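Below: the structure, in structure tokens.
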């Protein structure tokens, strides 16, 4: 693979295969410091940690824990909705894929706390890889930029296009969820939003009769105003929301801890190790989001030191909170309580209500869930605009995307385009199971980043690394295996949609991006 530097003549670039051209790390850093592209550096280690927590902890901590503990059993409507791994294993065992249509995950029970710890360990391998590359390449773009520096232009485009999908789909799902959740809570206080203006136009494969989901659009629009105003203001708002969210979780731990009945912790692992593993598969996706810290690289005051700190600290804090909620919740009520109904949909609020906790504590949990959704939208909208900004600066997207506001020093056009790319779909559709696209996109990015660490260690062993992944190549390879394995746990239709999206992206690359990248110009 070819790598260019700021001193290399253009004729050397022209003689290489453009698809595999890698961009020099020194050139990436020098371009980011040009006045027309320079972003304001205001973020410190704790703001970066808050960004990670804001992305990782959404409303899922108040919802998913009970489901994972109780287990799942359902029938997929078709082969397309069956998990890829189930299809392969059933075909090898029986010569037919029919058995894969029946899904079941054994109950983890209170041992779901162990599942959270194991998943955190699995995520930490990818997190360490992100930390090393972020300390070496403190540039906006996250996995896209790392791939450009290690694997080549075509891989950078693929992962950049993939990240666009991840951020858009994830935030559409969260915005729709925010609309439904806030609508239900307002109704509890006697405030009823009209269904015509607070529901998706298309949901569950049919028209709903609604005109537009206005709350879903408005939350994205308001947060965009904040993001355009400046990264410092956005980070401060996120810090407040993360504080409220953590306060709600700590309130639950204290109040719920006084309502724990130790008998509910027995049996601790009703399905043995199998339940712990399958519980981990359910809760893994609650950790996705720590990679968004790396998108803030160019607005970080001391990126070589603070980016690794933010990535690792956010993983540690979130793990402690997840484990604490799991232990307390499963001590308050028996794990079998959370199989279905209201107990499955809102286990934390349900446990507090059933055990007679004061209504004010339930209100705090509701506020925490809302703050979780809002901060998650804020961080992913922030990261999405930085991905588009980085791709535009390299010529792979139109220059409009890399325009920087003369006063606020933010990529304002990218931020506004990201607003409407998420806000309009959130007002029209409920994407349902298509939200799994964000999971497969994230895992794919983890795989490429882990491979990038191995390649850079071989190609540039003497380059200064403020943070180093231990035991290379083994730790990155473990990350590749774990993330690749989790990708096989997603449904076949998710893989089909992912391949279609990548095919569209490749068509755009060969028709536009390849002709406009700096390697083509050279």
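The values are calculated or read from the model by the stated rules, or taken from the named source; none is laboratory data. Note that the structure is a prediction, hence the values are computed from the model and not measured. Neighbour counts are summed over all protein chains in view; Cβ atoms, including those assigned to glycine, are modelled from backbone coordinates with ideal geometry.
Here's the yes/no breakdown for (1) in contact (Cβ under 8 Å) with a residue 12 or more places away in the chain; (2) crowded, with 22+ Cβ neighbours inside 10 Å; (3) within 30 Å of residue 359 (Cβ to Cβ):
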{"residue": "163", "(1), (2), (3)": "yes, yes, no"}
{"residue": "166", "(1), (2), (3)": "yes, yes, no"}
{"residue": "182", "(1), (2), (3)": "yes, no, yes"}
{"residue": "191", "(1), (2), (3)": "no, no, yes"}
{"residue": "202", "(1), (2), (3)": "yes, no, no"}
{"residue": "214", "(1), (2), (3)": "yes, no, yes"}
{"residue": "233", "(1), (2), (3)": "no, no, no"}
{"residue": "241", "(1), (2), (3)": "yes, yes, yes"}
Review point. Within segment 404-412, is there a residue that is more than 30 Å from residue 252 (Cα to Cα) and buried (at least 24 other Cβ atoms within 10 Å of the Cβ)?
Key: yes
Exercise for review: Can you confirm whether segment 139-151 contains a residue that is in a helix (DSSP H, G or I), touching a residue at least 40 places away in the same chain (Cβ under 8 Å) and surrounded by fewer than 24 Cβ atoms within 10 Å (Cβ to Cβ)?
Suggested key: no
Study note, to complete from the structure: Only one of (1) surrounded by fewer than 20 Cβ atoms within 10 Å (Cβ to Cβ); (2) farther than 30 Å from residue 331 by Cβ does not apply to residue 401, and that is (1)
**Study point:** In segment 132-153, the residues that are under 16 Å from the mean Cα position of the chain (by Cα) and within 20 Å of residue 315 (Cβ to Cβ)
**Key:** 142, 143
Revision key, fill the gap. In segment 132-177, residues that are on the phi > 0 side of the Ramachandran plot and touching a strand residue (DSSP E or B) at 6+ places or on another chain (Cβ under 8 Å) total 1
Check your understanding: Are any of the residues in segment 377-396 in contact with a strand residue (DSSP E or B) (Cβ under 8 Å, 6 or more places away or on another chain) and not in a helix (DSSP H, G or I)?
Key -> yes
Practice item. Would you check which residues across segment 273-285 are closer than 30 Å to residue 142 by Cβ, surrounded by 18 or more Cβ atoms within 10 Å (Cβ to Cβ) and out of contact with any strand residue (DSSP E or B) (no Cβ under 9 Å at 6 or more places or on another chain) and list them? Key: 280, 283, 284, 285
Exercise for review: Kindly indicate which of 214, 218, 186 is over 28 Å from residue 440 (Cβ atoms) and modelled with pLDDT under 90.
Suggested key: 186
Revision key, fill the gap. Of 326, 351, the only residue that is more than 19 Å from the chain's Cα centre (by Cα), crowded, with 24+ Cβ neighbours inside 10 Å, closer than 21 Å to residue 243 by Cα and at pLDDT 90 or above is 326
Practice item. Can you confirm whether segment 263-272 contains a residue that is at pLDDT below 90, surrounded by fewer than 18 Cβ atoms within 10 Å (Cβ to Cβ) and in a helix (DSSP H, G or I)? Key: yes
Study note, to complete from the structure: Note on segment 301-320: residues farther than 16 Å from residue 239 by Cα and surrounded by 21 or more Cβ atoms within 10 Å (Cβ to Cβ) are 303, 306, 307, 308, 315
Practice item. Return yes or no: is residue 224 closer than 30 Å to residue 40 by Cβ and surrounded by 15 or more Cβ atoms within 10 Å (Cβ to Cβ)? Key: yes
Review point. Residue 288 passes all but one of (1) out of contact with any strand residue (DSSP E or B) (no Cβ under 7 Å at 6 or more places or on another chain); (2) part of a helix (DSSP H, G or I); (3) modelled with pLDDT under 85; which number fails?
Key: (2)
Point to revise | Looking only at segment 95-111, and only at residues there that are at pLDDT 70 or above and in a helix (DSSP H, G or I), the one that is surrounded by the most Cβ atoms within 10 Å (Cβ to Cβ) | key: 109
Check your understanding: Does residue 296 satisfy being buried (at least 17 other Cβ atoms within 10 Å of the Cβ), under 30 Å from residue 238 (Cα atoms) and within 20 Å of the chain's Cα centre (by Cα)?
Key -> yes
Practice item. Considering each of 209, 256 in turn, give the residue that is touching a helix residue (DSSP H, G or I) at 6+ places or on another chain (Cβ under 8 Å) and assigned to a helix (DSSP H, G or I). Key: 256
Check your understanding: Would segment 69-82 turn up any residue that is at pLDDT 85 or above, buried (at least 21 other Cβ atoms within 10 Å of the Cβ) and over 23 Å from residue 287 (Cα atoms)?
Key -> no
Point to revise | Within segment 443-522, helices (runs of 4 or more DSSP H) holding 3 or more residues that are touching a helix residue (DSSP H, G or I) at 6+ places or on another chain (Cβ under 7 Å) and either on the phi > 0 side of the Ramachandran plot or modelled with pLDDT of 90 or more (or both) | key: 474-487, 492-508
